[in-house]
């Protein structure tokens, strides 16, 4: 860290010189404007990108004919999260139909990506969404609503023996993934361009907390899909009404923990976040009771029920993780 002394000029203005190496590195010229951003901790951030648009960047993938499509999809998601404004996929020969299908799947699973140019050997994608218009809290709330609805419909599918509903639940998981990747993208952009945080009316600390919570919600949604899958295996089984009642009761408790943790985040309530750790003890008890009932069933039924109960318990654990992130964040803000 360099130490520079504050000087006074004109009798009322305070000035400080800039490091010559930094000025050269970012190519600052005489009379160029610089942005000054006051941080919550009292520090002052100086940026040369304050009045500029987000840097336009392009990521290019030169692919082979036999490329693994799963690997290509993950690379495209990686480029999206990294914050690239444009993604270009090129092939030396005519692009394979499987590759075009993967690119279409990528577009469907992300927000704002559209094809702007396409030939036999090249596809160029561009981000048409302004990510600063999607506040973190709104996206987190949307992820919660979707996941909550998936969970409720999974249990309803068990009561009504509706196999189509379980498949619909699994399909909806894609929407949760899309929103999580959007938050991951916003977080990455803020890390590299702090002026973007000001446009969103947020801070890097809030962005990091939102990213951690969105990641947890994405995992909860995965467990809800696991619950729906196991319920689909139970629909042809004859299940005691007492077990179904216990499943509904336990799911309601784990779902309430999840909703309460999100409420603590959106309302900034430390007390509510702390209550989750006490409430989770009851969920552990309910899961053990349901596990005991499952062990007395036939092997196939016991296995599906056991996996279902395990996911319910994990949702409770993840809710505690959200609560812990909320507490850490609010304490850091001086709440």
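In terms of surrounding Cβ atoms within a 10 Å radius of their Cβ, 158, 293 rank from fewest to most as 293, 158. Taking a ≥ b ≥ c as the square roots of the eigenvalues of the alpha carbon gyration tensor, the stretch 58-131 is prolate, as a/c is not under 1.5 and a/b beats b/c.
Distance between the pseudo-spin-label points of residue 36 and residue 115 (7 Å out from Cα toward the beta carbon): 5.1 nm.
Comparing mean-square fluctuations of 180, 252, 144 from a GNM of the chain with C-alpha springs under 10 Å, the top value falls on 252. Using alpha carbons only, the radius of gyration of the stretch 253-335 set against its Kirkwood radius gives Rg/Rh = 1.14.
Placing R0 at 41 angstrom, the Cβ-Cβ distance between residue 288 and residue 145 gives a FRET efficiency of 0.85 after rounding to 0.05.
Listing 194, 309 from fewest to most neighbouring C-beta atoms within 10 Å gives 194, 309. Of all beta bridges that DSSP places with both ends in the chain, some 75 percent have antiparallel geometry.
Axis of helix 69-81 versus longest Cα principal axis of the chain: the two differ by about 50°, to the nearest ten degrees. Oblate is the label for the stretch 207-276. Its Cα gyration tensor axes, ordered a ≥ b ≥ c, give a/c of at least 1.5 and b/c at or above a/b. Taking the C-alpha atoms only, the angle from helix 299-332 to the longest principal axis of the chain is near 30 degrees. Computed from Cα atoms, the angle from the helix 163-192 axis to the main principal axis of the chain rounds to 20 degrees.
Calculated FRET efficiency, residue 137 to residue 107, Cβ-Cβ distance, R0 = 35 Å: about 0.85 to the nearest 0.05.
Summarising the label geometry, the points placed 7 Å from Cα in the beta-carbon direction at residue 58 and residue 12 lie 5.1 nm from one another.
P(r) tail for the stretch 133-332: Cα pairs beyond 29 Å make up 28% of the total. Note on residue 328 and residue 270: their simple-model spin labels are 1.6 nm apart, each label 7 Å out from Cα toward Cβ. With 0.36 nm allotted per residue and the present C-alpha distance subtracted, the residue 252-residue 68 stretch has 62.1 nm of extension available. In vacuo Debye scattering of the stretch 94-178, one point per C-alpha: log10 I(q)/I(0) at q = 0.12, 0.15, 0.19, 0.23 Å⁻¹? For the stretch 94-178, the Cα-only Debye profile gives -0.55, -0.75, -0.91, -1.05. Counting other Cβ atoms within 10 Å as a rough exposure proxy, the listed residues 95, 303 run 303, 95 from fewest neighbours to most. For the chain, a/c is not less than 1.5, where a ≥ b ≥ c are the root eigenvalues of the C-alpha gyration tensor, and a/b does not top b/c. That puts it in the oblate class.
Since every read-out is calculated from the coordinates, none of them should be taken as a lab result. Keep in mind the model is a prediction, meaning the values are calculated, not measured. For neighbour counting, all protein chains shown are included, and Cβ atoms are generated from backbone atoms with ideal geometry for every residue, glycine included.
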